[in-house]
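Presented below is the structure to which this report refers.
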Amino acid sequence: MVPRLEPSMIDTTIRLTVTGALMAATLVWVSPARGQGGAPDGEWKFYAGDGGHTQYTGLDQIDRSNAGELQVAWRWQAENSADRPFYNFESTPIMIGGVLYTSTGETRWLFTPQPKAGAESDPARRPQRSGRGVAYWTDGDQETIFHNVSDGRLLALDATTGLPRAGFGDGGYVDLSQNIDKPGAEVRCISTPIVSNDVAVAQVVPGEPLSPTQPIPSRPAPFDRQGFTIDDLIDFTPEIRAEVMEIAANYRMGPLYTPPSLINDPSGTKGTLVLPGWGGGSSWPGAGVDVEEGILFVPSLTIPVVVSLAPGEPGGTNPDYMRVGPIYPPGPRGLPLVKPPWGRITAIDLSTGDHLWSRPLGGAPREVREHPDLQGLGLDFSTMGQNGRPGALVTKTLLFMGEGGGVRSGVASLFGAGGPTFRAYDKRNGEVVAEIVLPANPTAAPMSYMVDGTQYITVAAATLESPAELIAIALS
């Protein structure tokens, strides 16, 4: 369902989401010069800066001459916005007119979405996690913030009061599972809504139709490995190589689009190895764009998955076959199955499609660096790349990116991935200009804004020892 916003439907405005809660704080706003694209006027009106999802701002106060001097300016802990601590904080704030939605400072209001009718007693169906951000809309008079609740509803709030807009949907909610011809389907909303031409658009995932064709682009070249061969398997030592070959023999492998296979196939295999897999590639944080230079910056992860099928349940809502079994294939001795780098950044010239540069995203995950069987082998752990799911921020002067959070649903990510290092890169060649060690691991895409003449970079962060928070850095 795509609700259309009419003045009669809306009264005022909304704020931000933190693990099912929405938060706002007041800031003092000063407008800098407008850039040629991206997020204008020192604000960050959209989840990714602008309606084109560029993750770009024309702010340039922080540059290569001073990025190494960045310090923590403020921290806001999210523990008072949820009924229990949470760690997988994927929300990116927005900033409009001096107000940061999901912010620090004095909390102006807090709103926690209530469960759907009939789901009050089922913890699994209650709104969960932080979501990834909110959307803003105004008719020039009234302001509204939209939030995708995890249980499949679009919520509209008044930005000034934090109260649901009574004239929108049913008491401020629109149930996105309505009119979906899939009885019994559980509709989830994870991604941030977007508002364009007075229409709020919310993504739902009730199922996926088959495409009549499979487009295979010829340019740009892939930014990560595609397909799976034995050459992808790790080979740190001959013994580890022999063990990983034995593991891989349990699965089918092949080029991109090799189909799934049965978990109990007559050949003896247990499924198909897929690379990069749905947990890899560019994943949900997406890419950033330098709108002035025409360069796309893509963070990506090299994480394979196993796609194993079994017959569907008779009389159920599933198709003839359903995916079953473990998602991530085991590697030898607790190591990854495939060779590094496991995380990388690729810069692509949007005028030619050429790759300008590509480099590993930091060093190896902790459990690889500290693995006893890899010590003393002369391995260069610094070039193996993190698989912590980072997000990009592009400014007029630099590219910023963390190493990823390394936490998912309160448990550690694969191989202890992620870390607190937040880096500034030269956009033309990928050189690391500065490394800032944050108090916790960045878990979402960063954003930037200007307040009272100071440029801030803000990012959600957490570790398993320190629950979700927002961290802002600035020049002292």
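Counting residues in segment 227-247 that are closer than 30 Å to Leu393 by Cα and either acidic (Asp, Glu) or out of contact with any Pro (no Cβ under 9 Å at 6 or more places or on another chain) (or both) gives zero. When Ser308, Ser351 are screened for being closer than 29 Å to Gly430 by Cβ and modelled with pLDDT of 90 or more, only Ser351 passes. With respect to the conditions (1) closer than 15 Å to Thr395 by Cα; (2) crowded, with 23+ Cβ neighbours inside 10 Å; (3) in contact with a Ser or Thr (Cβ under 6 Å, 6 or more places away or on another chain), Ala474 lacks only one, and its number is (2). Within segment 384-409, the set of residues being of a type outside the set (A, V, I, L, M, F, W, C) and at pLDDT 95 or above comprises Thr395, Lys396, Thr397. Within segment 32-75, the set of residues being hydroxyl-bearing (Ser, Thr, Tyr) and modelled with pLDDT of 90 or more comprises Thr54, Tyr56, Thr57, Ser65. In this structure, Ser308 does satisfy being in contact with a Phe, Trp or Tyr (Cβ under 9 Å, 6 or more places away or on another chain), at negative phi and hydroxyl-bearing (Ser, Thr, Tyr).
If the condition is being touching a residue at least 60 places away in the same chain (Cβ under 8 Å), surrounded by 13 or more Cβ atoms within 10 Å (Cβ to Cβ), more than 25 Å from Thr302 (Cα to Cα) and among the β-branched types (Val, Ile, Thr), then segment 193-252 contributes Ile194, Val195, Val201. Taken together, the residues in segment 235-264 that are touching a Lys or Arg at 6+ places or on another chain (Cβ under 8 Å), assigned to a loop (DSSP other than H, G, I, E, B) and not hydrophobic (A, V, I, L, M, F, W, C) amount to 6. Scan segment 213-226 and give yes if some residue there is over 30 Å from Ser351 (Cβ atoms) and either in a loop (DSSP other than H, G, I, E, B) or not aromatic (Phe, Trp, Tyr) (or both), otherwise no. No, that holds for no residue.
Each residue in segment 366-388 was checked for being touching an Asp or Glu at 6+ places or on another chain (Cβ under 9 Å) and assigned to a loop (DSSP other than H, G, I, E, B), and 1 pass.
Scan segment 303-326 and give yes if some residue there is buried (at least 19 other Cβ atoms within 10 Å of the Cβ), farther than 27 Å from Pro259 by Cα and either touching a residue at least 12 places away in the same chain (Cβ under 8 Å) or hydrophobic (A, V, I, L, M, F, W, C) (or both), otherwise no. No; the residues of segment 303-326 include none that is buried (at least 19 other Cβ atoms within 10 Å of the Cβ), farther than 27 Å from Pro259 by Cα and either touching a residue at least 12 places away in the same chain (Cβ under 8 Å) or hydrophobic (A, V, I, L, M, F, W, C) (or both). Sort out which residues of segment 275-290 are modelled with pLDDT under 95 and at negative phi, and write them in order of number. Those that are modelled with pLDDT under 95 and at negative phi: Leu275, Pro276, Trp278, Gly279, Gly280, Ser282, Trp284, Pro285, Ala287.
The values are calculated or read from the model by the stated rules, or taken from the named source; none is laboratory data. A quick note: this is a predicted structure, and the numbers were derived from the prediction, not measured. Ideal geometry is used to build each Cβ from the backbone, glycine not excepted, and the neighbour counts take in all protein chains shown.
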